[in-house]
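J.: One structure, pasted below without further comment.
The values are calculated or read from the model by the stated rules, or taken from the named source; none is laboratory data. As the structure is a prediction and not an experimental result, all values here were calculated from the model. Every residue, glycine among them, receives a Cβ derived from its backbone with ideal geometry; neighbour counts consider all protein chains shown. When the accessible area is computed, the model is the full protein with side chains, heavy atoms only, and any ligands, DNA or RNA have been set aside. Shrake-Rupley method; radii C 1.70, N 1.55, O 1.52, S 1.80 Å.
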Amino acid sequence: MVRGLVARRSREPARRGWLRGAPAPLWVRVLPGVLVGGVGVATLVSPHSLDIGFVLGAIPPLAGLSYGPVATVLFGGLSVALLTVPAFHLNDPGSTDLLTICFVALLSVFISFVRSRRDAQLDLERTVAEAAQRAVVPPLPERVGPVGCAGLYRAAQRGTLVGGDFFDVRDGPYGVRAVMGDVQGHGLSAVATVASLLGAFREAVLDRPDLESVAARLDRRLVVDSARSPHAELFATAVLLEFAADARAVRIVACGHPAPVLLREGRVMEIDLVPWTPLGLGLLDSGPLGGVDVPLSPGDRLFLASDGVWEARDAAGVFYPFTGRLAVLSNGDRADLAERLWADVLRHSEEIRDDVSMLVLTPDG
């Protein structure tokens, strides 16, 4: 299964909700039919005339919430039939009652037509938006060269697939390189900066001979973008990795971002790395950029997480115990580690207001 930056579609309807563009729930769709059947049965089995004709006025609008114009016409016709057919003896409705039901039915058909057209346009716009966001951050492959990959991304802003976090893994002439970062802000306002940084990273992977120069390229990209707008001060935190050809070592450079943690034989080992200046604030002005080289053993995994995970809090304000929980959860399936940790974060913190990204890299050289 390909694991990428796109939230699982099975979760998306629940996030959107009925009033946020998701299809009407089942109980709303069956309610017009239930009312038609209920009124019809009640009038047929009752020995006396029933004064429940007012219920019929609710059937066409309810149908318009869930169905198209044709189905709404059908429910409107059934409502009129129930009101006028003598066998149902609905207390001999007058012409005013009949005209009211007819007017409500016609109005419901018109509203259903308008809603259907708007829903179609909304679906088209959502499809285009999702395609554009996937073009910015395409799904992550299961393997890049000798490195196995698994990722998870959850955007903080509802209805979006991309926010202010980003990660990518690319193979190039200088080896497999990976990046994870977090730009200033989150949500759609940060997508342009994410796209700019990922484009710079993908280009630098191909022509920059060392990891430090890749970081410098990303820094320059943000500095140039900030200079184009007099009121913009763009910056981002990032951590970059470069694997040796045999995947037995990795070089890590951090720019204001937490270093990865190393999972080895069921233990979580924090990598001693001093983060450098965040991107966009002028790395070259802060002195030479340095990284660390970490030897790797078979079975090792590198786990990277954004501050949406590190800074998640419970109702009492207690931070999520990231390293402790990661040690407990790391014994299961490697591919599902990020998903299991995400579920654990949600149990700890009821509401996550920041973008969340996780990346699990497994060198199998």
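J.: When the residues of region 54-72 are filtered to those that are out of contact with any Pro (no Cβ under 9 Å at 6 or more places or on another chain) and among the β-branched types (Val, Ile, Thr), which remaining residue is surrounded by the fewest Cβ atoms within 10 Å (Cβ to Cβ)?
T.: Val70
J.: Can you work out which of the residues in region 73-101 that are part of a helix (DSSP H, G or I) and more than 11 Å from Leu56 (Cβ to Cβ) is modelled with the lowest pLDDT? Working first, answer last.
T.: Of the residues in region 73-101, the ones part of a helix (DSSP H, G or I) are 73-84, 86-88, 95-101.
The next check asks that each one be more than 11 Å from Leu56 (Cβ to Cβ); those that pass are 73-74, 77, 86-87, 95-96, 99.
Details: Val73: 92, Leu74: 92, Gly77: 89, Pro86: 75, Ala87: 73, Ser95: 60, Thr96: 63, Leu99: 85.
By that ranking, first place goes to Ser95.
J.: Related question: Within region 312-328, track down each residue that is β-branched (Val, Ile, Thr) and either open to solvent by less than 40 Å² (accessible area, probe 1.4 Å) or farther than 12 Å from Asp344 by Cα (or both).
T.: Keep residues of region 312-328 that are β-branched (Val, Ile, Thr), which gives 318, 323, 328.
Hits for region 312-328 are Val318, Thr323.
J.: Scan region 121-155 residue by residue and report those that are in a strand (DSSP E or B) and either among the small types (Gly, Ala, Ser) or at pLDDT below 80 (or both).
T.: Gly148, Ala150, Gly151
J.: On to the next question. In region 1-29, which residue that is surrounded by 12 or more Cβ atoms within 10 Å (Cβ to Cβ) and more than 30 Å from Phe167 (Cβ to Cβ) is modelled with the lowest pLDDT?
T.: Trp18
J.: For residues in region 220-268 being open to solvent by 30 Å² or more (accessible area, probe 1.4 Å), in a loop (DSSP other than H, G, I, E, B) and within 24 Å of Leu341 (Cα to Cα), which is modelled with the lowest pLDDT?
T.: Checked region 220-268; the qualifying residue modelled with the lowest pLDDT is Gly266.
J.: Output the residue which, of all residues in region 269-299 that are surrounded by 20 or more Cβ atoms within 10 Å (Cβ to Cβ) and touching a Lys or Arg at 6+ places or on another chain (Cβ under 6 Å), is modelled with the lowest pLDDT.
T.: Out of the qualifying residues, it is Gly291.
J.: In region 168-190, which residues are surrounded by fewer than 16 Cβ atoms within 10 Å (Cβ to Cβ) and either part of a helix (DSSP H, G or I) or among the aromatic types (Phe, Trp, Tyr) (or both)?
T.: Within region 168-190, just Ser189 meets the criteria.
J.: Restricting to region 191-215, name every residue that is over 28 Å from the mean Cα position of the chain (by Cα) and open to solvent by 30 Å² or more (accessible area, probe 1.4 Å).
T.: Passing the criteria: Leu206, Asp207, Arg208, Pro209, Asp210, Glu212.
J.: I would also like to ask the following. Would you tally the residues in region 294-353 being assigned to a loop (DSSP other than H, G, I, E, B), farther than 18 Å from Val261 by Cβ and under 17 Å from the mean Cα position of the chain (by Cα)?
T.: Of the residues in that region, 4 qualify.
J.: Still on this structure: Somewhere in region 31-46, is a residue on the phi > 0 side of the Ramachandran plot and either at pLDDT below 85 or not in a loop (DSSP other than H, G, I, E, B) (or both)? Can you show your working first?
T.: Looking only at region 31-46, we keep the residues that are on the phi > 0 side of the Ramachandran plot, and these are none.
Scanning region 31-46, I find no residue that is on the phi > 0 side of the Ramachandran plot and either at pLDDT below 85 or not in a loop (DSSP other than H, G, I, E, B) (or both), so the answer is no.
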